[in-house]
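The structure appears right after this line, and notes come after that.
The values are calculated or read from the model by the stated rules, or taken from the named source; none is laboratory data. As the structure is a computational prediction, the values presented were derived from the model and not from experiment. Here Cβ is always computed from backbone atoms with ideal geometry, including for glycine, and neighbour counts include all displayed protein chains. Accessible surface is based on the protein model in full, side chains and every heavy atom, while ligands, DNA and RNA are left aside. Shrake-Rupley method; radii C 1.70, N 1.55, O 1.52, S 1.80 Å.
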Amino acid sequence: MSLIRQIWLLVLATVLMAFLGSFGVWMVSARGYLETQLRLKNADNAQSLALSLSQQKGDVPSMDLTVQAMFDTGFYKRITLKDAGGRVLFSREADPRIGREQVPQWFADLIPVESAPGVAQVSDGWRALGQVEVVSHAGFAHDQLWQGSLKTLSLLAGLGVLSGIIATLGVRGIRTPLNATVGQAQALMERRFITVDEPKVPELARLSRAMNAVVVRLKSQYDEQANMVEQLRQQAHCDALTGLSHRRHFMAQMGAALGNDEGSGSGVLYLVRIVDLGGVNRLLGHRLTDNMLQRLGLVLAEVSSGVADAALGRLNGGDFAVCLTASEVPLPQAEYYAEAIRRAFAEQALTASVVVGAAQWNRGMPMQQVLAAADSALARAESRGAFAVETVQLDLSEVVVLGEDQWRQRLTSALGARRMQLMRFPVVDLSGGLVHHECPARLQLDPGGAFEPAAQWLPMALRCGLVSRIDEVAVALALEQIATDGQARGVNLAPASLADSGFVPRLRALLLAQSDAAHRLWLEVAESAAVDHFELVRELCKQLRPLGAKVGLEHAGERLTRIEFLFEAGLDYVKLDASVSQGVAQDKARAAFVSGTASMLHGLGLQVYAEGVADPEDIPILHLCGVDGVTGPAVKPV
């Protein structure tokens, strides 16, 4: 039995006992009062009648008439006259129901009112003639008692209703903080850590204070681990001087961008070189040269700040690189970088100069080909002199050739006919068992044509506002396939879909319609969504996890420690990006970062998986780092 129900029963029992006690006390007091009044009345009337009878000098007929007259003019149950020997001379009796015609018989039987007889001596001088006995009728007392009972019941019932209202407000005052504490405990079970306001009830305040202390302590531990993981990330991925990615990590980021099926499929690689860094170092000195390199890194970050998932790195002494993926935001031109660096150097009165080379790339191109093209452009720029810029132009993809209206028609037609295919890439655990299949969506844009990866159509789907419909169809298709073969499947959701106010309710309806399959559905959003739209991700978890679906982050690692309230999101798992997990077998610093990240996430009750594992030698090291499962080219199909 719940605590609230027990409180209600206690309140009801108390009110009922008070009601019955008050009514009972009133009833006993009222009956006693009426009986006293009847007894006094009987005694007074008996004395008055005895005085009248004494004046009749023993004349029985006259005495009979006197008694009859008194009996007819009063409300008496019985008047009896006895002689000196106790023999009844005459007696008058009335119907016992007179005066209580409106009183139920059960009430009269339950609460009897006794009318004590009044007795007085009748005499003629010193000669005793007998005694008279007068008993007033109790029916009118019953009637008064019945009417008073009804009024008392009404009054007590009104007081009971008022007490119930006051008790309701009181219980509500207890229920609200209690529900908040219960919700906090349930959130802890769901790996969400929230704090609540302390209630005014002292006992509940101590409980809430203790629960909040647990959450605060956990948050502090998470912050400490996040700081440690961030330090490990800096050591494993970043150049110590500029804070940009070092050469190995930048190459891993660029490789992930070239092999990413979910992005736009194209982008630009910029190479920036400080001309004659050795001569600049001899001229300015080591400290000023370091300051110049740091300033150059800041300028590159500032110019690239408007582009999502920009990768910046320092390849060696004076060589820097920027890899940008095409998006809705126009990409900075190579001239912007050169001009921004020139202004920054001029402000610091630096005589050093830079050159910039740029090369466009498309998904699937070999990394060495892209680097060679950019390096060739850099060499031509260097031959031209300070702050020169050279760009290698490549053929534009079909995404740019077709207009928005044509793309909208193709995408709408494909969605209407459900010309969609879900690929299957296994995610396996430590023992090699299947965790779930990653299922990126492929669309058949033209009837009978090939099923194209997201890189071919996603940018235009974003522009046309059709991404949420595509994700909805993908989830529906995954649920149907789960219901058919019973194998768990993972579907990635675009951040733009979460911004659609009707998207999550529609997904909820799909999951409710196929509740069994929903328990094998894994939904994942990019790490950037949790950083930039944390509330949307938390609402997604709140709405869909109770239906059995698992929700997690993909492509994570670089910005995990920037998600301030990650412990409140209610996620189930995190997938580390390929640029983070690749090469752990050869790089101890990278392995230490993965291990620290996995430890932090496990502390929050999250499972950790590694994406894009291409080297089989990395798999056992990842397992030693605490990763729960892996996926990628090195994982054999299950």
Please state the shape class of segment 443-510: rounded when a/c is under 1.5, otherwise prolate if a/b exceeds b/c and oblate if not, all from the C-alpha gyration tensor.
oblate
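Under the definition of Cα pairs under 8 Å and six or more residues apart, what whole-number percent is the relative contact order of segment 141-258? Don't skip to the answer; put the middle values down first.
On the way: 46 pairs, mean separation 14.5, N = 118.
About 12 percent, as a whole number.
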For the chain, the longest principal axis of the Cα atoms and the Cα long axis of helix 534-544 enclose an angle in degrees, to the nearest 10, of 60
Quick one: with all protein chains in place, what share of the accessible area of segment 476-565 is carbon or sulfur, to the nearest percent (1.4 Å probe)?
50
Enumerate the calculated ³J(HN,Hα) couplings along segment 607-616 in order (Karplus 6.51 cos²θ - 1.76 cosθ + 1.60, θ = phi - 60°), each rounded to whole Hz, writing x wherever the residue is Gly or Pro.
7, 10, 10, 10, 9, x, 6, 9, 9, x
Please list 3J(HN,Hα) in residue order for segment 567-574, calculated via the Karplus relation 6.51 cos²θ - 1.76 cosθ + 1.60 where θ = phi - 60°; whole Hz, with x for glycine and proline.
6, 9, 5, x, 6, 9, 7, 9
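Specify whether the C-alpha gyration tensor of segment 100-254 places it in the rounded, prolate or oblate class, a ≥ b ≥ c being the square roots of the eigenvalues: rounded for a/c under 1.5, otherwise prolate if a/b is larger than b/c and oblate if not.
Working: a/c = 9.55, a/b = 6.05, b/c = 1.58.
Here segment 100-254 falls in the prolate category.
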Percent relative contact order for segment 1-143, counting Cα pairs under 8 Å at least six residues apart, stands at 31
Based on DSSP H runs of at least 4 residues, each adding -39500 (n - 2.57), what is the mean residue ellipticity at 222 nm of the chain after dividing by all its residues, to the nearest 500 deg cm²/dmol?
-17500 deg cm²/dmol
Here FRET efficiency (C-beta to C-beta, Glu480 to Leu624, R₀ 56 Å, nearest 0.05) is 0.90
Could you work out the mean projected area of the convex hull around the alpha carbons of the chain, in square nanometres to one decimal?
49.3
Counting alpha carbon pairs within less than 8 Å and at least 6 residues apart, what relative contact order, in whole percent, applies to the chain?
10
Which one, Gly548, Leu507, Met254, is farthest towards the positive end of the dipole of the chain when Lys and Arg carry +1 and Asp and Glu -1 on their Cβ?
Gly548
Using Cα atoms only, what is the angle between the long axis of helix 467-485 and the major principal axis of the chain, expressed in degrees (0 to 90) to the nearest 10?
80
Per residue, how much accessible area does segment 512-623 show when a 1.4 Å probe rolls over the protein heavy atoms, in square angstrom?
35
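At a Förster distance of 56 Å, what's the computed FRET efficiency of Val201 paired with Arg506, Cβ-Cβ distance as r, to 0.05? Provide the component values of the computation, followed by the final result.
Working: r = 41 Å, r/R0 = 0.74.
With a Förster radius of 56 Å, E is 0.85.
Using per-residue counts of other Cβ atoms within 10 Å, averaged over each peptide, order 141-147, 345-351 from highest down.
Working: 141-147: 18.6, 345-351: 12.7.
The packing order, highest mean first, is 141-147, 345-351.
Under the rule a/c < 1.5 gives rounded, and otherwise a/b versus b/c splits prolate from oblate, where does segment 227-289 land using the Cα gyration tensor?
On the way: a/c = 4.01, a/b = 1.50, b/c = 2.67.
Judged from the Cα gyration tensor, segment 227-289 comes out oblate (a/c at least 1.5, b/c at or above a/b).
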Cβ-defined net charge surrounding Leu378, 9 Å radius [Lys, Arg +1; Asp, Glu -1]
-2
Under a plain spin-label model, where a point goes 7 Å from the Cα along Cα-to-Cβ, how far apart in nm are Ala513 and Arg5?
3.7
Skipping prolines and chain starts, which residues have an amide H placed within reach, meaning under 5 Å, of the one on Cys238, given they are 5 or more residues away or on another chain?
His246
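If packing is taken as the mean number of other Cβ atoms within 10 Å per residue, what is the order of 131-140, 442-451, highest first? Provide the component values of the computation, followed by the final result.
Working: 131-140: 22.6, 442-451: 15.0.
Highest-to-lowest ranking by the protection proxy: 131-140, 442-451.
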Degrees, to the nearest 10: 60-73 long Cα axis against longest axis of the chain:
20
Using modelled backbone amide H atoms (1.01 Å from N, in-plane), which distant-in-sequence or interchain residues come within less than 5 Å of Val574's amide H?
Leu553, Gln607, Val608, Tyr609
